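The values are calculated or read from the model by the stated rules, or taken from the named source; none is laboratory data. Owing to the predicted nature of the structure, the values given are computational and were not obtained by experimental measurement. For the accessible areas, the whole protein counts, side chains as well, though only heavy atoms, and no ligand, DNA or RNA atoms are used. Shrake-Rupley method; radii C 1.70, N 1.55, O 1.52, S 1.80 Å.
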Amino acid sequence: MPYIEQYTMHQLWSLVGDYRRTNVYSYWLMSGVCEGKTVVDCGAGSGLCTWLALRGGASHVIACDISPEVCDYLRGQFKDIPQVTVVELDLCHDDIPKGDIYIHELVGNSLLGEGMSQIFSNMRSQGIENIYPHHARISIGSVSHDAFIPSTNCDHLLSPYARDFINFLEDYEWNNSLTVDYPNLQATGISHIANVDLRKPMPQHLMESERDGDIIWEVGFDPQFVVSYSNINATSNNWNAKTPYAQFVKWCNIESFRG
Ligand SMILES: C[S@@+](CC[C@H](N)C(=O)[O-])C[C@H]1O[C@@H](n2cnc3c(N)ncnc32)[C@H](O)[C@@H]1O
């Protein structure tokens with residue numbers, strides 16, 4: 001059985017409030033890529049990407065999620081928007097609806113978290129290639145920070161479109177259960193282990209169990225990692241920090257490790 005994260009609505013909303021992640025998705029989905037397209041939102045959760053795709057000009061958005069509760073919530077949220085269809089399915093095993101573009105935010109708490117490799121393998125078997133983001137760099141390092149501090153409300157740092165999404169939500173409550181601030185973030189001893197195309201089979205040697213250290217993902221919508229975010233998963237205490245790639249590079253001086 002794949003590992004599947006169960007989220008509460010508070011947690012999904014707190015992910016929306018994670019402006020570091022949300023703004024990257026917002027800028028990409030609003031950049032014109034959705035115009036006139038059928039967009040499949042894979043793991044739709046809060047509905048953020050569904051909503052952004054619509055605002056970005058999509059003609060139809062298919063919001064997929066494995067959780068019956070999340071699907072009920074999405075049906076309620078988008079009940080007055082006929083261009084949105086909600087489908088309850090398991091992206092690891094089920095047939096995935098046809099679309100022009102597929103969007104996901106599934107780089108979770110571990111290298112293979114949320115069944116990510118199974119989801120991409122299922123997509124591969126169905127000939128789905130137009131899925132974003134799919135450029136990824138994986139490194140191992142030692143990531144430290146002074147304290148693990150629940151974030152204050154950072155909604156004011158959201159892009160204008162993401163703020164509009166919050167206004168659209170009927171019961172939105174800001175909640176800090178997933179979003180954290182991490183002052184004095186530092187990464188040392190970074191060793192870059194691979195550049196991967198998430199659509200291709202994940203090499204066996206990249207499996208997390210064989211690694212010792214914190215995993216740093218950099219996930220890009222484009223090959224240059226211009227529109228991208230990093231996801232830092234400390235194996236020791238399971239904290240999960242997402243930040244724009246450029247900011248992370250600056251904080252950690254990561255380029256110097258690449259040589
Ligand atoms: C990290 S959350 C992101 C949600 C959304 N993109 C957002 O920004 O709010 C991942 C979502 O994927 C869903 N999910 C996880 N595994 C899944 C699977 N195998 N099939 C379908 N959905 C899945 C979860 O229920 C959750 O809502």
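For this structure, a couple of remarks:
- Karplus (6.51, -1.76, 1.60) ³J(HN,Hα), θ = phi - 60°, over segment 179-184, in Hz, Gly and Pro reported as x: 8, 10, 9, 9, x, 6
- Every Cα-Cα pair of segment 1-149 was included, and the share exceeding 23 Å stands at 35 percent.
- Coordinate range of the alpha-carbon atoms in the chain per principal axis, descending: 51, 41, 34 Å.
- Segment 9-257: antiparallel DSSP beta bridges as a percent of all, rounded to 5: 65
- Heavy-atom surface of the chain, accessible at 1.4 Å and reported per residue (Å²): 44
- Fluctuation leader among HIS145, HIS60, HIS135 - the chain, Gaussian network, Cα springs under 10 angstrom: HIS145
- Sulfur and carbon atoms: percent of accessible area, segment 1-68 [1.4 Å]: 54
- Global form of segment 86-224, assessed from the alpha-carbon gyration tensor, a/c cut-off 1.5: oblate
- Karplus-derived HN-Hα couplings along segment 44-59 (A = 6.51, B = -1.76, C = 1.60, θ = phi - 60°), whole Hz, x at Gly and Pro: 6, x, 5, x, 3, 5, 4, 5, 5, 4, 4, 4, x, x, 4, 7
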